[in-house]
1. For helix 259-269, report the angle its Cα long axis makes with the longest principal axis of the Cα atoms of the chain; keep it between 0 and 90° and round to the nearest 10°.
2. For the chain, what does the helix formula give at 222 nm: sum of -39500 (n - 2.57) over DSSP H segments with n ≥ 4, over the residue count, nearest 500 deg cm²/dmol?
3. Return the distance in nm (one decimal) between the two label points of a simple spin-label model at residue 129 and residue 77, each offset 7 Å from Cα along Cα→Cβ.
4. Note the full-extension length gain between residue 185 and residue 49 as 0.36 nm times their separation in residues minus their Cα-Cα distance, in nm to one decimal.
5. Quickly rank 73-79, 63-69, 274-280, 101-107 as a protection proxy: mean count of other C-beta atoms within 10 Å, highest first.
6. Compute the helix-to-body angle for 22-32: its Cα long axis versus the longest principal axis of the chain, expressed 0 to 90° and rounded to tens.
7. At 1.306 mPa s and 10 °C, plugging the Kirkwood radius over alpha-carbon pairs of the chain into Stokes-Einstein gives what diffusion coefficient in µm²/s?
8. How tilted is helix 197-210 with respect to the longest principal axis of the chain? Cα atoms for both, answer in degrees (0 to 90, nearest 10).
């Protein structure tokens with residue numbers, strides 16, 4: 001079996017007999033890119049007697065490796081698409097450097113190779129979950145699982161994240177922040193007079209009653225241009241077609257912490273009276289109500 005680096009165009013052909021397992025391909029890709037520190041987009045093409053790899057180094061200007069995949073559809077005859085990237089794995093006792101290779105195939109299979117500094121390389125059979133896995137699936141036109149998160153979780157997690165940023169900027173006077181400063185940070189707060197907590201709670205409830213993730217994906221993505229940085233080859237797909245409900249939900253929540261964890265941190269920093277108003281404005285108070 002030979003390995004080469006190409007860019008390809010054309011229609012996806014049926015995979016020939018004797019195609020290696022995707023896990024073996026992921027291991028081959030991982031080992032062949034160990035000396036390359038770049039984050040890489042991987043394209044796999046199965047020929048009659050060869051596995052051809054297309055490798056594209058993600059430019060430093062990309063804010064996150066998965067960002068270059070948004071709105072991009074792999075060539076129709078690509079058999080698999082993947083990412084090779086590095087990062088940190090944090091545990092209670094240590095922070096380890098890791099390098100990970102993830103492949104998703106056009107027939108819905110997935111394979112992951114994980115390498116931690118000083119440890120044996122692991123090949124993981126379970127399909128990866130979350131935004132990164134969704135992005136690879138959407139590059140192949142594959143559907144992602146339906147969202148398990150509610151719209152309220154997205155709205156209120158973003159509010160709490162932005163409240164924490166406001167607290168961080170307050171330079172030690174977080175206990176002096178007023179409702180008039182906090183309420184307008186809410187994602188659904190309209191321009192104009194400051195609304196009370198029950199009005200904000202009502203706006204969140206109305207959004208959840210009148211909409212869903214699929215509709216939000218269409219409305220929000222339709223106003224966003226595709227990424228300026230994309231892998232060569234393939235095609236650009238309008239974002240309201242590229243996203244589906246599951247991928248849009250994970251993308252929307254990718255930069256916010258767990259709502260329950262953030263809630264306690266925010267409440268601890270605020271004046272008790274203001275903290276009560278924040279609680280009154282939330283639908284998602286599962287940390288306190290169970």
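1. That works out to roughly 40 degrees.
2. Details: 11 runs with 103 residues, N = 290.
Computed mean residue ellipticity for the chain: -10000 deg cm²/dmol.
3. It works out to 3.8 nm between the two label points.
4. On the way: separation 136, 0.36 × 136 = 48.96 nm, distance 5.85 nm.
Length gained between residue 185 and residue 49: 43.1 nm.
5. On the way: 73-79: 20.9, 63-69: 19.1, 274-280: 17.3, 101-107: 22.6.
The most tightly packed comes first, giving 101-107, 73-79, 63-69, 274-280.
6. Once rounded, the angle reads 90 degrees.
7. 74
8. Helix 197-210 sits at roughly 40 degrees to that axis.
Bear in mind these aren't lab numbers, they're just calculated from the coordinates by the rules spelled out. Nothing here was measured: the structure is a model prediction, and the numbers come from that model. Every residue, glycine as well, gets a Cβ built from its backbone with ideal geometry; the counts of neighbours run over all protein chains shown.
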